[in-house]
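Take a look at the structure set out below.
Nothing in this text is a laboratory measurement; each read-out follows from the coordinates by a stated rule. Computed from a prediction, not measured in an experiment: that's the story for all the values here. Reconstructed Cβ throughout: ideal geometry from the backbone, glycine too, with neighbour counts over all protein chains shown.
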Amino acid sequence: MLETNIHFPTDLNLLWDAQRKGTDLLLRLVHRYALPGWRKVKAWRGKLKGQMIGLTRLLCGGGANQAERRQAAAQA
């Protein structure tokens, strides 16, 4: 994602959809096979959503050092 330009909002929506479905599938597998050690899947999804909202706000707004902040947020 860092090597290309983010075309708001399409690329961010696709990224969020991939992350959301990945955590949904992981949660299903955890429940189906009773996998130990995966109790934080819901927390991870919430953290991902928060990061996506922060990245969206960063891209919509301006301010000083926007390119550097955008790159740091995308890496996180």
Neighbour-limited loop hits for chymotrypsin sites (Phe, Trp or Tyr not before Pro), segment 30-76 (at most 14 other Cβ within 10 Å; DSSP other than H, G, I, E, B): TRP38
Relative contact order [Cα under 8 Å, 6+ residues apart], segment 10-75, whole percent: 30 percent
Dipole magnitude of the chain, debye to nearest 20 (Cβ charges: Lys/Arg +1, Asp/Glu -1, about Cα centre): 540 debye
Segment 27-35 - phi-based ³J(HN,Hα) in whole Hz, Karplus 6.51/-1.76/1.60, Gly and Pro as x: 5, 4, 5, 4, 6, 5, 9, 6, 6
Dipole-positive endmost among ALA72, VAL41, LEU59 within the chain (Cβ charges, Cα centre): VAL41
Over the chain: helical MRE at 222 nm, DSSP H runs n ≥ 4 each giving -39500 (n - 2.57), nearest 500: -24000 deg cm²/dmol
Neighbourhood charge, 12 Å Cβ-Cβ cut-off, centred on MET52 and excluding it, Lys, Arg +1 and Asp, Glu -1: +3
Phi to ³J(HN,Hα) by Karplus 6.51 cos²θ - 1.76 cosθ + 1.60 over segment 51-56, Hz, x for Gly, Pro: 5, 5, 5, x, 5, 4
Under Karplus coefficients 6.51, -1.76 and 1.60, residue-wise ³J(HN,Hα) of segment 70-76 in Hz, glycine/proline x: 5, 5, 5, 5, 5, 5, 5
Cα shape, segment 13-52, gyration tensor, a/c 1.5 rule: oblate
